[in-house]
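Here, each number is a calculation from the coordinates, and none is a lab measurement. None of these values were measured; they are calculated from a predicted model. All Cβ positions, even for glycine, are placed from backbone atoms using ideal geometry, and neighbour counts span all protein chains on display.
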Amino acid sequence: MATIKEIAELAGVSRGTVDRVLNNRSGVNEDTAKKVMTIARQLDYKPNKAGMALAAQKKKYLIGIIVFSKKNPFFDEVLAGFEEKAAELSFYGCEILVKRVAYHPDAQISAIESCINEGIHGLIITPYNDKKICDALNSLNKKGIPVITVNSDAENINRLTYVGSDYLKSGEAAGALMQLTTIGKVTAGVIMGDSHILCHSQRHSGFVNHLQNDSRFDIVACEENFDDDLKSYDIVYDMLSRHPEINALYFTAAGVHGGCKAIQDLDKAGSLRIITHDDMPTTLDMIEKGIITATICQQPKWQGSKSLELMFEYLTSVEKPILEKCYYSELNIKIKETI
């Protein structure tokens, strides 16, 4: 049976390079990769999974995962991606430690400290965009614990990579949809999640920037609901009561169901153009009822799976892979006719 060592000798490269090529990892010249694959096929190379398992069993890799609380069901899908990939990698010694915490920097700091105390080798986190969080994550790197951000990023973090949506582009897409689905004068309101969560503020910026030169649009109100349906109900009810001229709403994050319930109670269902994000069951229900115009989705399951795959690859590689700065999920749009 051919070995990685034999392939490396014939290709004139290191065993680490052969390992990256055979496992479809980045950081290898295209011509070199083709040469390695040609030799591997000629030798009929088959990976020795039993040997890989024995090697992995010599060391367990505990990867901490910190995402936001159960108040936001979006992260159920992200966690499903983590769990599926963890099950796949468990054969090679991968274990995950999951913590779901509130929208508050102190809650994340506590979770980070708990992960350290439980002996994690790497951390994947949806960070609150706060200096305390950034400092805590940068201190992990100094301790040799790599960090990957998932779903949302944060400023000034020394991370391996970011896995998630391009939120400026996502916000711009929401602005474009609003343009396409409206005619005449548009008076809009924006319901944000939390301005201290970078993905929420980036979506808002993308939306506003896209519409700023369109004279049809006037954004008259912007409020934060902290991804809470009850708070979202109160905000939307009050916003539409104070600004009866509003004929369009943009939700940058969760709390969509609560906001739409307020619209129904005000008897405004169907009279507003509403753009949202993600395809939660309650959101799809509101689309089918004609209350929400369209929603922009971002592959949450892939985000969990991809970030764990990259972290485990980094932890277990002899020659550390060169990761891209960002791995962006695909955006897709759902309307009533596509559900």
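Structure values in brief
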{"item": "Per-residue [θ]222 nm for the chain (sum of -39500 (n - 2.57) over DSSP H runs n ≥ 4, rounded to 500)", "result": "-14500 deg cm²/dmol"}
{"item": "Sum of side-chain charges, I235 neighbourhood, beta-carbon under 9 Å (Lys, Arg +1; Asp, Glu -1)", "result": "-3"}
{"item": "13 Å beta-carbon shell around A248, net charge (K/R +1, D/E -1)", "result": "+1"}
{"item": "Amide H contacts of A248 (H built 1.01 Å from N, under 5 Å, at least 5 apart or other chain)", "result": "T187, G189, R273"}
{"item": "Sites S90 and T3 - FRET efficiency at Förster radius 25 Å, r taken between beta-carbons, to 0.05", "result": "0.50"}
{"item": "Derived scalar couplings ³J(HN,Hα) [segment 322-337; Karplus, 6.51 cos²θ - 1.76 cosθ + 1.60; whole Hz; x for Gly, Pro]", "result": "8, 8, 5, 5, 9, 10, 9, 6, 6, 9, 9, 10, 10, 10, 4, 6"}
{"item": "Distance in nm between pseudo-label sites at N158 and Q212 (7 Å out along the Cβ direction from Cα)", "result": "3.4"}
{"item": "Virtual spin-label span in nm between D238 and L331, 7 Å along Cα→Cβ", "result": "3.0"}
{"item": "Cβ-based exposure ranking for K169, K70, in which fewest neighbours within 10 Å come first", "result": "K70, K169"}
{"item": "Net charge dipole size for the chain [Lys, Arg +1 and Asp, Glu -1 on Cβ; Debye, nearest 20]", "result": "1060"}
{"item": "DSSP-loop GluC sites (Glu not before Pro) across segment 222-285, with at most 15 other Cβ within 10 angstrom", "result": "E245"}
{"item": "For I148, residues with placed amide H under 5 Å, excluding near neighbours", "result": "L123, I124, I125, L160"}
{"item": "Between segment 211-268 and segment 116-130, the Cα center-to-center distance that results, in Å", "result": "34"}
{"item": "For peptides 288-299, 205-216, sequence by mean Cβ density within 10 Å, most packed first", "result": "288-299, 205-216"}
{"item": "Amide H contacts under 5 Å for E224, placed H, 5+ residues apart", "result": "M192"}
{"item": "Residue order, fewest to most surrounding Cβ atoms within 10 angstrom, among K142, K34, K268", "result": "K142, K34, K268"}
{"item": "Residues R203, R242, R159 arranged by fewest to most Cβ contacts within 10 Å", "result": "R242, R159, R203"}
